[in-house]
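Here the structure is laid out as structure tokens; the discussion comes afterwards.
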Amino acid sequence: MDYARAFSDALARIHSEGRYRVFADISRTRGAFPKAMRHDPEGVRDVTVWCSNDYLGMGQHPAVLTAMHEAIDKVGAGSGGTRNISGTTHYHVELEAELADLHQKEAALVFTSAFVANDTTLATLQKLLPGSIILSDEKNHASMIAGIRNGGGDKTVFAHNDVVDLERKLAALPRERPKIIAFESVYSMDGTIAPIAAICALAKKYGALTYLDEVHAVGMYGPRGGGIAERDGVMGEVDIINGTLAKGFGVMGGYISGSRHICDAIRSYAPGFIFTTSLAPAIAAGAVASIRHLKVSGLERARHQERARTLKRRLKNAGLPVIDNPSHIVPVLVGDPVICKRVTDMLLDRHGIYVQPINYPTVLKGTERLRLTPTPLHTDADMDRLCAALSALWAECPVSLEQKRAAE
């Protein structure tokens, strides 16, 4: 076996399809987000970041940074072990209490990332519920798909946000069979929002458990940042909520929240929880500070929504193909991986604007896009520069999905 050739050929395929990914080497500038420094062979340059998932800029918030510094000074760097073996610090206990309170659940369980939380929880649920079947939205995140696959049980996929299709599939299953409906609140690439109340009503009607991924909503929606389910008044109808500490809350880590028995069962059986070193205490402390702040402050959420609406309006007025949606996600359709990469390279090199191209497998082939994420800290001047740069580049690289189809 020529191992080197196998790896080389695999990389060559990605290059030939125009979707080889290059990491931008940047350093965020404390106190000046969304500004950052780009490091490359030619030196260091100022850039403006337009693709960060630090949606509210909480990764720069003084309360968060202070809490993290204090934790390091008090207890040091790492946690020292898995949660079972010396890695459960008081910071982790406080964090899980804050998360349970945020979602008005009995308990919460913190993981090293939301990907791990989804993967190991959905896999473990299938082990704990023999004979169960998962009904999964067709646009669920890769972490949910991985967890469903790793559980080894039966699954069926329902059309995106389609409660008619979901009910058709539920009605075809035996009433007594364990069923788990897995879906997201805000879908991060298209920006669509799930009809949570309707899905929960179907779950109750057909005896199903609900598993809701609120990763792109926690911190940013609801009176206290509890997500779309809190905004819509249906948190109590959802059995298990998955969330992240790395987006709206600006730090890192993931979690689930639910009943005491569900969280305890996952804690006791999930390999992705049992065998992983816990988050550093400083990270847990920063997350606690961020959650506590956003529970009482609506300023960041209000500004965030205004910035997203403003950017969408300005891009549309410039004639750019923004994909309409009701959330804060601002996708701009390109429809070609090579052109998508070319546009983002020119944005960075010519204009000091950092946007990462989004291509397959994150989105379907032919729907490649720019995914813009305005924050409360992006100014009107930042938007002026972005809109002007994109308008110029669209004229220079006029390829869209519709144009490709017409040419074919």
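Springs between alpha-carbon atoms under 10 Å, Gaussian network over the chain: tell me which of 247, 179, 204 tops the mean-square fluctuations.
Evaluated over the chain, the most mobile residue of the options is 204.
So how much accessible area does residue 267 have, in Å² to the nearest 10, using a 1.4 Å probe?
Using a 1.4 Å probe on the heavy atoms, I get roughly 100 Å².
I need the GluC sites (Glu not before Pro) found in the range 147-212, filtered to DSSP loop residues with at most 12 other beta carbons within 10 Å of theirs.
Sparse-neighbourhood loop GluC sites (Glu not before Pro): 176.
Which entries of 105/169; 169/341; 295/365; 169/365 have Cα-Cα distances beyond 31 Å here?
169/341; 295/365
Magnitude of the Cβ-charge dipole of the chain, K/R +1 and D/E -1, about the Cα centre, nearest 20 debye?
The calculation lands at about 240 debye.
Report the equivalent ellipsoid semi-axes for the chain in whole Å, largest first, defined as the square roots of five times the eigenvalues of the gyration tensor built from alpha carbon atoms.
They are 34, 27, 22 Å, listed from largest to smallest.
Considering the dipole of the range 14-86 built from charges on the beta carbon (Lys and Arg +1, Asp and Glu -1) around the Cα centre, which of 22, 37, 60 is farthest to its positive end?
Of the candidates, 60 comes out farthest on the positive side.
In a solvent-free Debye calculation with one equal scatterer on each Cα, what is log10 I(q)/I(0) for the range 27-180 at q = 0.09, 0.18, 0.20 Å⁻¹, listed in the order of the q values?
Here log10 of I(q) over I(0) equals -0.51, -1.19, -1.27.
List the residues whose amide H sits under 5 Å from the amide H of residue 160, counting only those 5 or more places along or on another chain, with H placed 1.01 Å from N in the peptide plane.
138
Give, in nm to one decimal, the length gained when the segment between residue 106 and residue 127 is fully stretched (0.36 nm per residue of separation minus the Cα-Cα distance).
Fully extending the segment from residue 106 to residue 127 adds 5.3 nm.
Ordered by residue, what ³J(HN,Hα) values in Hz, to whole numbers, does the range 4-21 give under the Karplus form 6.51 cos²θ - 1.76 cosθ + 1.60, where θ = phi - 60° and Gly and Pro are x?
Once θ is set to phi - 60°, the couplings for the range 4-21 become 4, 5, 4, 5, 4, 5, 4, 5, 4, 5, 5, 4, 5, 8, x, 10, 5, 9 Hz.
Could you work out how far the C-alpha centroid of the range 267-327 sits from that of the range 131-172, in angstrom?
25
Output ³J(HN,Hα) for the range 207-213: one whole-Hz value per residue in order, computed from phi by the Karplus curve 6.51 cos²θ - 1.76 cosθ + 1.60 with θ = phi - 60°, and x for Gly and Pro.
3J(HN,Hα) across the range 207-213, in whole Hz: x, 10, 8, 10, 10, 10, 8.
Just how far, in whole angstrom, is the range 46-77 from the range 177-245 if you go by their alpha carbon centroids?
Rounded to whole Å, the Cα centres lie 27 Å apart.
When the solvent-accessible surface of protein heavy atoms is calculated with a 1.4 angstrom probe, in what order do 7, 273 fall, highest first?
These residues rank, largest area first, as 7, 273.
Give me P(r) over the range 99-256, computed from all C-alpha to C-alpha distances, binned every 5 Å, as integer percentages.
Going out from 0 Å in 5 Å bins, the range 99-256 shows 2, 10, 21, 24, 23, 14, 6, 1, 0 percent.
Mind telling me which of 240, 266, 72 comes out most flexible in a GNM of the chain, alpha-carbon contacts under 10 Å?
Fluctuation is largest for 72.
Calculate for the chain the 222 nm mean residue ellipticity that helices alone would give, adding -39,500 (n - 2.57) per DSSP H run of length 4 or more and normalising by residue count, nearest 500 deg cm²/dmol.
About -13500 deg cm²/dmol.
Work out, step by step, the length gained on full extension between residue 22 and residue 397: first 0.36 nm times the residue separation, then minus their alpha carbon distance; give nm to one decimal.
133.0 nm
The values are calculated or read from the model by the stated rules, or taken from the named source; none is laboratory data. Remember, it's a predicted structure, so these values are computed and weren't measured experimentally. A quick note on method: Cβ atoms are made from the backbone with ideal geometry, for glycine too, and the neighbour counts reach across all protein chains shown. Areas reflect the complete protein model, heavy atoms only, side chains present, ligands, DNA and RNA absent. Shrake-Rupley method; radii C 1.70, N 1.55, O 1.52, S 1.80 Å.
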